[in-house]
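Following: one structure in structure tokens, then a few remarks.
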Amino acid sequence: MNNWMRPLRVGLLLAALAAGALGWRQARGQYDMAMQAMARTEVQQRAASLPAGVAFSLALPRPVGMGGAAPALGLVNLPGQEGQTGPAVLFLPGAAKTAGLRAETEAPCLLDGQPLESGQPLTLAEGPHQLHTSEGTLTFTAVYGSALPCVFLETASGSLEEIQADKAYSESAAFTLLDAGGGLGYSGWAEAVRGHGNGSWLDAQKRSYQVTLAQKAGLLDMPSARRWLLIANAFDKSLLRNQTAFALAGAAGVAFTPESRQVELYVNGEYQGCYLLCEKVEVGDGRVDIPSLDKLNLAAALDAGQAWEEDPALLQSGRRGEPGHRRYTGLEGQPSAGEGGWLLELELPERYLEDQKPGFISRLGQPVCIQSPASASRQQVEEIAALYQRLEDALYPTAEGPAEPLGELIDLRSFARKYLVEEIVKNLDANMSSQYLYKLPNAVSPRLYAGPVWDYDKSLAGSGTPWEDLAVIADPEGFWANQQQTGYTLWSALYEQPAFRAAVEESFWQDFVPAADRLLSEGLVVLEARRLADSAVMDAMRWQGGGYPYDPDTFLEEYLAEAERIEAFLAARMEFLKEEWPGPGRGA
């Protein structure tokens, strides 16, 4: 942000606070409106720095956002041969076909031989165009995406460079969401935009992001929240595996399944690709809707005169990476662990060690990241670790005594449903990563529950990485999630328990067979692929196929074939499992 804007920002805030008669809420609203207007001004100023000094925006019938200026759509130079700059492309939302465009130019120029002035409405046919400026002639190609909503981010720095260089780094941004027709869905201020993901963050050029809005908002009819994810699906050629697994899980009744919507993403005027705008797995209203123990911890800390904050410096650690390890905040006098809710994530050892939140490692070496409460004290971590240890001991008994009944430790129906998602889609990470559990207050239930579902780009006959071709994942036959893959595997141990297998078979027929039958009979995956086809082509062109070979002459056919492959895998998979779990009165 320009230096002259810093004192202006302070002045605006002071002026808003001085308007006491308006009340704090209205004063803050005036400040937010002023900041958004400033962000829009910066967008217009930056148009001059885009390639060829020209930017485009949707020619909407009414102003977009508080500042009155539509988000910029700049030219993108694709990579060329041997590190050279390649062809220039103008990636346009599907809404631009009907809404048209406006040009934002640094100086008068010619477009296809006709005068073009700033603010002038125009239409662009798909295909090549010539832009003549005082600096010379530039040939670019206009391409249009599908009729999808669009997310526009305008970062404070005007760049993604620092965000992409460090996943922990964040900066503020103006946030605008247009619906599929180009109408304003939301306009506001994002306090933080930062990187998201693990392996995909390290290995993909197309990155995922987390956006934290200044105020809660319900985006595209999803429940209101501040934190949202933009999932790149960089190594999923279909762009549909996460969405399909979520749809199956939601239809089968898996609790707190994230909602998601396909969108186009533009950052600082530059097209980034087709993304999945998705709810974040977190405790909160409309998300993992369980009582927050952080709120109780905060109240206890304030009563005790302690300064409470989610600060990694407060985390204590013992023997890092070894069984029995505990990580917790240094606060004391907090409520019992059973008074609030918990959200746990079973993770890989290296990711557990990188995490900056409380957690523990079980007797047999399972790392468990505590996603909520982030303020967990030593006493609370010990309590929840003891509950998880009772489950592990029941599955892998010691010589010290008989195992506890499984039904007293876990909710069998929720664990059966979660396992079935992993097994049906043959998720590569089923026994390694992104496996969530949650705990309700003891007054509701003393047991652990499984869910929500998360992270399925490595499933449904897709390995999720461009350099792997795992035949076992692509094969619709054979068990996967219930196979012993390490020294300690949760799903394989559970599957050895008769009570769990009975719950699995019951849920399979009652919940998953109807859900899969509907998905397959209506051809929902292929229908969605057809809806996304133009955007999938744009995404592949922008990233030159990501980790997959991209041939413009064959890509669309291959893309639609990938969706058919998902449906064929799911149909064959369900037939295999029906034979394995015939159910009462169905088998021999």
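Values computed for the structure shown
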| read-out | value |
| --- | --- |
| Interatomic Cα distance distribution for the chain, bins of 20 angstrom, percent | 19, 49, 28, 4, 0 |
| Cα-only radius of gyration and Dmax that characterise the stretch 113-185, units Å | 16.9, 47 |
| Length-normalised contact order for the stretch 88-220 - Cα pairs under 8 Å, 6+ apart - percent | 18 percent |
| Degrees, to the nearest 10: 555-580 long Cα axis against longest axis of the chain | 10 degrees |
| The stretch 182-226 and the stretch 492-564: distance between their alpha carbon centers, rounded to Å | 23 Å |
| Accessible area of the stretch 355-423 belonging to carbon and sulfur atoms, whole % at 1.4 Å probe | 50 percent |
| Distance (nanometres) between label positions extended 7 Å along Cα→Cβ at E191 and E354 | 2.5 nm |
| Surface share of carbon and sulfur [accessible, 1.4 angstrom probe, percent] for the stretch 229-344 | 47 percent |
| 11 Å cut-off, amide nitrogen to a point 7 angstrom out along Q316 Cα→Cβ, residues in the stretch 358-379 | 377-379 |
| Contact order relative to length of the chain, as percent, for alpha carbon pairs under 8 angstrom and 6 or more apart | 11 percent |
| Integer Hz, Karplus 6.51/-1.76/1.60 couplings in order for the stretch 403-408, x for Gly and Pro | 6, 6, x, 4, x, 7 |
| The chain - accessible surface per residue (Å², probe 1.4 Å) | 42 Å² |
| For the stretch 259-275, 3J(HN,Hα) per residue [Karplus equation, 6.51 cos²θ - 1.76 cosθ + 1.60, θ = phi - 60°, Hz, x = Gly/Pro] | 8, 8, 9, 6, 9, 9, 10, 10, 10, 6, x, 9, 5, 10, x, 8, 10 |
| Listed peptides 266-278, 560-572, 513-525, 230-242 by packing density, highest first (mean Cβ within 10 Å) | 230-242, 266-278, 560-572, 513-525 |
| Chain lengthening between T554 and A572 when straightened (0.36 nm per residue, less Cα-Cα) | 3.8 nm |
| Rounded to whole Hz, the Karplus (6.51, -1.76, 1.60) HN-Hα couplings of the stretch 513-520, x for glycine and proline | 4, x, 5, 5, 4, 5, 4, 7 |
| Among the listed pairs K97/K426; K280/K426; K216/K418, those beyond 31 Å (Cα-Cα) | K97/K426 |
| Those residues of the stretch 279-304 whose amide nitrogen sits under 11 Å from the label point placed on E259, 7 Å along Cα→Cβ | 279, 286-287 |
| The chain - share of DSSP beta bridges that are antiparallel (%, nearest 5) | 85 percent |
| The stretch 466-520: GluC sites (Glu not before Pro) in DSSP loop, at most 15 other beta carbons within 10 Å | E468, E477, E496 |
| Fraction in percent of alpha-carbon pairs per bin - 10 Å, the stretch 410-483 | 20, 45, 23, 10, 2 |
| Distance cut-off 20 Å, percentage of C-alpha pairs in the stretch 431-588 lying past it | 64 percent |
| 222 nm mean residue ellipticity, helices alone, for the chain (DSSP H n ≥ 4; -39,500 (n - 2.57); rounded to 500) | -10000 deg cm²/dmol |
| DSSP bridge orientation in the stretch 238-366 - percent antiparallel, rounded to nearest 5 | 85 percent |
| Model label zone, D285; criterion: amide N under 15 Å from point 7 Å along Cα-to-beta-carbon; scope the stretch 203-238 | 215-219, 222-227 |
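The values are calculated or read from the model by the stated rules, or taken from the named source; none is laboratory data. Remember, predicted model here, so these are calculated numbers, not experimental data. Every residue, glycine among them, receives a Cβ derived from its backbone with ideal geometry; neighbour counts consider all protein chains shown. Only protein heavy atoms, including side chains, enter the accessible area calculation; ligands, DNA and RNA are left aside. Shrake-Rupley method; radii C 1.70, N 1.55, O 1.52, S 1.80 Å.
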